[in-house]
1. Given (1) among the small types (Gly, Ala, Ser); (2) in contact with a Cys (Cβ under 7 Å, 6 or more places away or on another chain); (3) within 11 Å of chain A (Cβ to nearest Cβ), identify the lone condition not met by B:Gly103.
2. Pairs only if they're at least six apart or on different chains, beta carbon under 7 angstrom, first in segment A:51-63 and closer than 22 Å to A:Gln25 by Cα, second surrounded by fewer than 12 Cβ atoms within 10 Å (Cβ to Cβ); list them, first residue then second.
3. Given the condition open to solvent by 40 Å² or more (accessible area, probe 1.4 Å), farther than 17 Å from B:Lys37 by Cβ and out of contact with any Leu (no Cβ under 6 Å at 6 or more places or on another chain), answer yes or no: does some residue in segment B:79-93 qualify?
4. Take A:Val12 and tell me if it is open to solvent by 30 Å² or more (accessible area, probe 1.4 Å) and touching a residue at least 40 places away in the same chain (Cβ under 8 Å).
5. Take the conditions of a type outside the set (Gly, Ala, Ser), closer than 19 Å to A:Ser94 by Cα and out of contact with any His (no Cβ under 8 Å at 6 or more places or on another chain) and apply them to B:Gln36. Does it pass?
6. Check B:Ser61, B:Ser72 and return the single one that is more than 10 Å from every other protein chain (Cβ to nearest Cβ), over 30 Å from A:Val60 (Cα atoms) and either within 12 Å of the chain's Cα centre (by Cα) or assigned to a loop (DSSP other than H, G, I, E, B) (or both).
7. Is one or more of the residues making up segment A:88-99 modelled with pLDDT under 95, surrounded by fewer than 13 Cβ atoms within 10 Å (Cβ to Cβ) and not aromatic (Phe, Trp, Tyr)?
8. Answer yes or no: is there a residue in segment A:24-39 that is in contact with a Phe, Trp or Tyr (Cβ under 8 Å, 6 or more places away or on another chain), of a type in the set (Lys, Arg) and farther than 16 Å from B:Ala41 by Cβ.
Amino acid sequence: NAGVTQTPKFRVLKTGQSMTLLCAQDMNHEYMYWYRQDPGMGLRLIHYSVGEGTTAKGEVPDGYNVSRLKKQNFLLGLESAAPSQTSVYFCASSTLVPGQSGLDGYTFGSGTRLTVV
Amino acid sequence: QQPVQSPQAVILREGEDAVINCSSSKALYSVHWYRQKHGEAPVFLMILLKGGEQKGHEKISASFNEKKQQSSLYLTASQLSYSGTYFCGTDGNAGNMLTFGGGTRLMVKP
């Protein structure tokens, strides 16, 4: 099925460990995003990309890095995990021009639940 | 700045109607609405662009008042399947970078 695939689905890290979350989309979308979701706080943008080879900071970028070497993949890295990074991470993708076809919104992956102990 | 959603939670009986509001402190280009069921990813419902249009999707419709920087989601004759958390996402400059509200938890009971 076409869509956004995130791996892994669950992960437990110890403080100070590093890891990479992978997001892959097969819809040829230009824009890709990483959000974190915490209870009562909605979705907050970490980093985003407007095309292959580009990345930019969102609302809460500290402690994270990203890369978009291929158009279909968007990687989120945690260099030194902290308990404050315990969250559910969602990747999403969208087309370049919002609303042009009337159908365009974000397509989200199923999420990665990360616990840092 | 995060848009403000109201109410934070609502409980309905099947067949009742509900309105969820989304208010921003800045000018808006577009507003998105999403529904998220527990433990799942948010699912896109509809997008409203600058111009005050109203859209419908089955028994769920929405309006966008760009002057007031507000959008409302209308759920009519609610069904059990409507239960979940509804999020609005706002874009202020047509860059398609959404800022999401804190969500409105909707529970529909038989």
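1. (2)
2. A:Glu52/A:Lys70
3. yes
4. Yes: the conditions hold for A:Val12.
5. Spelling it out, B:Gln36 is indeed of a type outside the set (Gly, Ala, Ser), closer than 19 Å to A:Ser94 by Cα and out of contact with any His (no Cβ under 8 Å at 6 or more places or on another chain).
6. B:Ser61
7. Looking through segment A:88-99, at least one residue is modelled with pLDDT under 95, surrounded by fewer than 13 Cβ atoms within 10 Å (Cβ to Cβ) and not aromatic (Phe, Trp, Tyr).
8. No, that holds for no residue.
The values are calculated or read from the model by the stated rules, or taken from the named source; none is laboratory data. Since this is a predicted model, take the numbers as computed values, not measurements. Glycine gets a Cβ as well: all are built from the backbone with ideal geometry, and neighbour counts include every protein chain shown. Accessible surface areas use protein heavy atoms only, side chains included; no ligands, DNA or RNA. Shrake-Rupley method; radii C 1.70, N 1.55, O 1.52, S 1.80 Å.
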